[in-house]
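Written out below as structure tokens is the structure these notes cover.
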Amino acid sequence: MRPNPLLSLAALLLAAPALAQHAQTTAVAVDPNDPRVVWATNRDNDSVSRVDTLAGVTTDEIVVGVRPRTIAFSPDGSRAFVANMRGDVPVDVNFLTPFSGNEVRGSVSVIDTASRTVVQTLTDVGVEPYGVAVAPNGKYLAVSAIRSGTIRFYDLATLGLVAEHAYPADMDVIQAPLTIADVDSDRDGIPDLAD
């Protein structure tokens, strides 16, 4: 009999401290309210699966945005936040096809974990969001976006934007007072924060 890799992964996740997963960027997360349940992003079919690890079955599959990458929970486990790298842009749309100009190039789906439905979609999260995390104090949601080189912070209660930090991720756009030496200290042609 072959071992079930999903159950092996679930066992590893269950061995980790429950609070630690809130501060990490991960594509798989343990449900804070039920350590037997794992939530996983499905990048290739634009959904999130809720898996009962004891029964070894997927209990729900929730459609989110295009190319979901990471998931994090509110401290009480009532909401899950999913970073959708392409927002609503289909994977076959690119600069050659071309874009229409109305695309949302990144989003965060907010899932109500009780009803297992998307109740809100944040669209002002930057271009190509990759990481999403809830602050250990439970007050903020942080979203990192690769293309825009930003980390945006939202009030967890209202989901209103409270702060943004832009970091140098592109050698063609170096904001004053920074210089090339500040952005690329090892002179490899790649911004240090993009390594």
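The values are calculated or read from the model by the stated rules, or taken from the named source; none is laboratory data. Note that the coordinates shown come from a computational prediction; the quantities given were computed from them, not determined experimentally. As a convention, Cβ positions derive from the backbone with ideal geometry for all residues, glycine included, and neighbour counts pool all protein chains shown. For the accessible areas, the whole protein counts, side chains as well, though only heavy atoms, and no ligand, DNA or RNA atoms are used. Shrake-Rupley method; radii C 1.70, N 1.55, O 1.52, S 1.80 Å.
For the range 54-185, place one equal point scatterer on every Cα, skip the solvent, and apply the Debye formula. What is log10 of I(q)/I(0) at q = 0.12, 0.16, 0.21 Å⁻¹? Each listed q corresponds, in turn, to -0.54, -0.86, -1.20. Counted by Cβ distance under 11 Å from Pro90, the other residues give a net charge of -2, where Lys and Arg count +1 and Asp and Glu count -1.
Its alpha carbons considered, the range 32-118 gives a radius of gyration followed by a Dmax of 14.4, 46 Å.
Considering only the Cα atoms of the range 23-65, their convex hull presents on average a projected area of 3.3 nm².
Take every pair of alpha-carbon atoms less than 8 Å apart whose residues are at least six positions apart; their mean separation over the length of the range 83-135 yields a relative contact order of 41 percent. Spacing of the modelled spin labels on Thr123 and Phe99, each 7 Å from Cα toward Cβ, amounts to 1.4 nm.
Once the 1.4 Å probe is applied to the protein heavy atoms, the range 65-134 comes out at 43 Å² accessible per residue. Qualifying chymotrypsin sites (Phe, Trp or Tyr not before Pro) in the range 67-129, where qualification requires a DSSP coil assignment and no more than 16 other C-beta atoms within 10 Å, comprise Phe95, Phe99.
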